[in-house]
Amino acid sequence: MSHNTSLLFFPHTQRNLPKTKRHLFPQPLSLSLSLSLSLSLSLSIFFLIMESLPLETAEKIILRWDSTASEEARDKMIFSGGGDRDEADLYLQAVDEIQRSLSSVSVSVSSDKVNSAIQIAMARLEDEFRNILISHTNPFDPSSEDEPSQTLDSLSTTSSPKHPLTNEETTEEESDSNHNTISTPLFRFNSDGAASSVRSSVNSVNSSSYRSTSSIREIDLIPSDAVYDLRCIAERMVSSGYLRECIQVYGSVRKSSVDASFRKLQIEKLSIGDVQRLEWEQLENKIRRWIRAAKVCVRTLFASEKKLCEQIFDGVGTSIDDACFMETVKGPAIQLFNFAEAISISRRSPEKLFKILDLHDALTDLMPDIDVVFDSKSSESIRVQAAEILSRLGEAARGILSEFENAVLREPSRVAVPGGTIHPLTRYVMNYISLISDYKVTLNELIVSKPSTGSRYSGDPGIPDMDLSEFEEKTPLDVHLIWIIVILQFNLDGKSKHYRDASLAHLFVMNNVHYIVQKVRGSPELREMIGDDYLKKLTGKFRQAATSYQRATWVRVLYCLRDEGLHVSGGFSSGVSKSALRERFKAFNAMFEEVHRTQAVWLIPDLQLREELRISISEKLIPAYRSFLGRFRSHIESGRHPENYIKYSVEDLEDAVLDFFEGIPVSQHLRRRAE
């Protein structure tokens with residue numbers, strides 16, 4: 001033992017230490033001290049600690065713990081939680097002496113014996129290393145997937161720091177005093193014979209400001225006293241050339257723990273092909289689960305594994321902590337991100353857009369944390385994979401939006417919806433773009449970065465015209481939404497031609513464009529994106545359709561109530577032609593009855609629009625009929641069977657108009673009024 005090291009065991013050194021630390025160092029031999037020593041600590045071990053450890057003694061200690069030669073050594077672990085701390089320290093001193101001897105030219109004669117001892121020691125330390133890791137490997141259990149923030153808060157709660165040798169909780173006062181006192185109870189020798197502090201290295205990692213973002217929540221995966229033992233063992237294994245074995249043991253045990261945590265987070269081992277073969281309904285649930293799990297994995301699980309590697313391996317060798325970290329999490333990280341990658345390259349379809357945007361937003365939010373956790377050269381592949389997935393998700397979103405536009409334009413259904421009501425395509429498209437407006441922040445970035453392309457002025461009669469100069473102040477996403485509405489109207493105009501009744505075709509257009517207007521007005525975000533100028537155009541279009549409906553239906557009905565052709569003059573008489581008048585009343589009755597019968601089963605779903613159109617009809621029909629009836633009633637009633645010609649009173653017509661656009665037959669209206 002060097003002179004400086006031996007000073008640690010002299011009485012005058014104790015006076016400079018706080019009371020809570022003095023018991024960590026042997027006291028001078030005295031009767032009172034010998035009585036206070038643990039009965040399990042023999043005087044021979046005590047003197048070995050006090051003095052330099054001879055090589056022969058070190059070899060004996062190594063051989064005594066050779067598990068291949070001793071049943072007791074096989075059954076007992078040196079670094080057990082309830083074991084003798086001095087026994088562990090003594091074994092580490094023995095290993096240090098063997099290592100120091102190997103680097104000394106003076107022991108060349110017995111080099112075979114020393115080499116054998118170091119091999120036995122490394123095999124034992126490997127077993128001890130594995131046992132410590134396994135005994136402290138417990139996957140954390142997120143208490144609630146539905147409340148990830150609560151889970152993270154509970155995971156980030158760490159226990160009070162414990163001293164690595166005594167396992168006693170350190171008070172704040174003691175912790176502060178540690179910075180001003182010697183806190184290195186055990187030294188080891190480097191290959192050059194210089195002493196270095198294991199304990200101070202552990203402290204430096206624990207007390208350093210670990211790289212973090214505000215969202216990273218680290219937890220203590222292994223107690224600090226066990227971390228201390230692991231670091232002591234790792235230093236000796238690495239310095240003896242057993243780096244590969246150390247990394248393999250560490251990686252295999254910790255990876256098993258990460259795998260167990262994955263199972264608790266319900267992260268399945270699915271290949272890209274497995275993901276792409278799943279039905280979309282199944283994938284939707286898995287995407288929701290993945291987003292929650294990915295946040296926990298990156299910000300808590302992987303970050304905590306990285307912290308543990310640094311606590312154990314930082315400074316032990318060049319980038320060993322990175323190597324152990326990647327040995328532990330590379331496979332699980334690839335498994336985690338493969339799911340998102342499979343979604344990003346899967347077949348595109350409109351229903352996938354919003355879950356892809358959810359994935360994109362989640363991964364965008366995680367990228368700063370991924371850059372922090374996987375910041376080394378060895379973990380660059382994980383960063384690159386995540387960035388590439390994010391890019392592909394953005395490209396997929398752009399592609400889906402473009403394909404959605406084409407799908408709306410080319411939607412092929414030719415069956416006219418009954419009653420001229422709202423077409424399912426209209427509902428689907430407007431609900432879709434309403435959801436798009438909810439993602440406008442993300443989509444504005446994606447569309448600006450790489451806008452979708454496509455000719456909109458190709459001269460193709462199957463593509464509507466759109467003057468883009470009207471929307472120069474709009475964002476590309478806003479123009480996309482307006483374009484979708486334009487092509488929706490274009491498609492609806494085509495579908496309206498499937499109606500053989502022109503009046504019903506106009507009613508169909510009115511219903512559908514009115515629905516578009518109401519959806520835009522009902523969403524502040526969508527209204528802002530579409531803009532009031534274009535909204536006014538849409539409003540004008542459905543009002544024009546309503547006017548066209550009234551012309552197509554009621555002009556010919558009201559034509560029956562004109563005076564022209566009823567008056568006769570010349571000869572011996574002049575006045576009203578009763579025969580012509582009777583024909584006029586019969587024509588009106590027939591037309592109105594047909595319109596009433598037909599249009600009662602037509603449907604205007606919007607109550608306000610339905611009432612407005614009825615009022616508009618009544619404002620034209622009722623005054624005209626009242627005037628006509630007032631002028632010519634006497635001529636009919638003076639003749640035979642007037643009831644055959646004047647079938648309706650003004651009140652009858654007013655009631656009949658209320659039957660229009662309810663979507664039910666006239667017979668049901670008559671039965672309802674009779675009741």
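Some points to look at:
- Set side by side, the residues 334, 370, 343 differ, and just one is part of a helix (DSSP H, G or I), of a type in the set (Val, Ile, Thr) and open to solvent by 40 Å² or more (accessible area, probe 1.4 Å), which is 334.
- Look at (1) under 21 Å from residue 341 (Cβ atoms); (2) in contact (Cβ under 8 Å) with a residue 60 or more places away in the chain; (3) open to solvent by 10 Å² or more (accessible area, probe 1.4 Å) and you find that residue 265 fails only one, number (3).
- Condition met for residue 633 (among the basic types (Lys, Arg) and surrounded by fewer than 14 Cβ atoms within 10 Å (Cβ to Cβ)): no
- Pairs are defined by a Cβ separation below 6 Å, a sequence spacing of at least 6 or placement on different chains, a first member in the range 350-367 that is assigned to a helix (DSSP H, G or I), and a second member that is open to solvent by 40 Å² or more (accessible area, probe 1.4 Å); the pairs so defined are 354/435; 355/284; 357/439.
- All positions within the range 498-518 that are surrounded by fewer than 17 Cβ atoms within 10 Å (Cβ to Cβ) and in a helix (DSSP H, G or I): 502, 518
- Test set (1) open to solvent by 20 Å² or more (accessible area, probe 1.4 Å); (2) at pLDDT 95 or above; (3) not charged (D, E, K, R) - residue 444 fails condition number: (2)
- Pair list, Cβ under 7 Å, 6 or more apart: the range 78-94 residue under 13 Å from residue 128 (Cα atoms) and not assigned by the TED database to the domain that holds residue 125, other residue at pLDDT 85 or above and open to solvent by less than 40 Å² (accessible area, probe 1.4 Å): none
- In the range 210-304, counting only helices (runs of 4 or more DSSP H) that sit wholly within it, the ones holding 3 or more residues that are over 30 Å from residue 118 (Cβ atoms) and under 18 Å from the mean Cα position of the chain (by Cα) span 280-296.
The values are calculated or read from the model by the stated rules, or taken from the named source; none is laboratory data. Just so we're clear, the structure is a prediction, and the values are computed from it rather than from any experiment. Glycine gets a Cβ as well: all are built from the backbone with ideal geometry, and neighbour counts include every protein chain shown. Quick note on the areas: whole protein, heavy atoms, side chains included, nothing else; ligands and nucleic acids left out. Shrake-Rupley method; radii C 1.70, N 1.55, O 1.52, S 1.80 Å.
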